[in-house]
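So the structure is just underneath, and the comments pick up after that.
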Amino acid sequence: MQVIIKKNYEELVKEAVTHIKSLIKAKPDAVLCLPTGSTPTGVYKKLIEIYNKKEIDFSGIRTFNLDEYVGIPAAHPSSFRYYMFETFFNHVNIKKENIHFPPSEIGGENIEEQCREYEDLIKGAGGLDMAILGIGRNGHIGFNEPTSSLQSRTRVKTLTGETLRDNDIEFEGDRLPDLAVTMGIATIMAARSVLLLASGENKAAAVKNTIEGPISAFCPATMLQLHPRVKIIIDEEAADYLSRKSYYKKVYERTLYVEQLFTKK
Ligand code: PGA
């Protein structure tokens, strides 16, 4: 895993956007797994900015969102579908038919069947080229909460108290949807590349466990240690507890140097 430590959130956003932009340049019909939350908001903002400058084209891009609350209407301001359209989709030239969300409506078909169909849709699109992720304070990726199976696929998960508090959503008065449908860890691991973003001191413990801890279902993000193409992009505050911070910085600097050595002039 490559650990990229940036000075602050703004620099973290720039770094993430550079990688997304170069993927889309190389593969204009790339398949992306997209997250919601406060961490990626700046990334979406920057992507819109460069789209407006005609530096990036989303017309061929296909997207699959990571997760969604069970039973929340798409038009509800706390739904992830609402977030995605408000924050990103409504502002760029992505085609509506290329946008996908995990099944989350109550009633109708069997949910397990619908989750399998979501997996089939991802496979049918050729698999995920890049999974862009945030991380919870408890080490969750998507809504794969601690003790999630490390081989899981898209399914319903019960949210922990800390996730409910952190997400602080309002739904039908005071009732929080404590169930969500999320891509599984194996779904994420099947992506050809992963970008994990974390900002702020409140993520430092989860980041430390993810990078330096033993692989454990108790911190699901640790599974990323087994992925061959992961970039963990964090700011200084999120990197606070890492024991080998200066080494990671050196590795990144040397990686850039090697890339330069082998780039045709
Ligand atoms: P955040 O959420 O970006 O809002 O901190 C990340 C997550 O819970 O995965």
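The values are calculated or read from the model by the stated rules, or taken from the named source; none is laboratory data. Treat the numbers as computed from the prediction; the structure is a model and nothing was measured. Glycine also receives a Cβ, built like all others from the backbone with ideal geometry; neighbour counts cover every protein chain displayed. In case anyone asks, the SASA skips ligands and DNA or RNA and just uses the protein heavy atoms, side chains included. Shrake-Rupley method; radii C 1.70, N 1.55, O 1.52, S 1.80 Å.
Observations on the model:
- Sequence-distant contacts, meaning Cα pairs under 8 Å at least 6 residues apart, place the relative contact order of the stretch 75-160 at 20 percent.
- Between the alpha-carbon centres of the stretch 58-89 and the stretch 194-265 there is a gap of 27 Å.
- Two-site FRET efficiency, E237 against D29, from Cβ-Cβ distance with R₀ of 41 Å, rounded to 0.05: 0.70
- Residue among A239, A186, A16 with the largest mean-square fluctuation in a Gaussian network model of the chain, springs linking Cα atoms under 10 Å: A186
- The stretch 152-265, relative contact order in percent, only Cα pairs under 8 angstrom and at least six apart counted: 24 percent
- Only DSSP H runs of four or more residues enter the estimate; each adds -39500 (n - 2.57), and after division by the residues of the chain the mean residue ellipticity at 222 nm equals -10500 deg cm²/dmol.
- Selected from E11, E201, E253 as most flexible by GNM, with the chain as the system and alpha-carbon contacts under 10 Å: E253
- Computed accessible area, D166, all protein chains, 1.4 angstrom probe, square angstrom: 80 Å²
- Relative contact order (percent, whole number), the chain, Cα cutoff 8 Å, 6+ residue spacing: 25 percent
- Residue with peak Gaussian network fluctuation, the chain [Cα springs, cutoff 10 Å], from P40, P73, P220: P73
- Taking the average, over residues, of other Cβ atoms within 10 Å as the packing measure, peptides 20-27, 52-59 rank 20-27, 52-59 from highest down.
- Surface composition of the stretch 1-151: carbon and sulfur atoms hold 52% of the protein heavy-atom accessible area at a 1.4 Å probe.
- Across the options H91, P146, P77, the greatest Cα extent toward the positive end of the charge dipole of the stretch 3-147 (unit charges at beta carbon of Lys, Arg, Asp, Glu) belongs to H91.
- Surface analysis of the stretch 17-165 yields an accessible area of 45 Å² per residue, using protein heavy atoms and a 1.4 Å probe.
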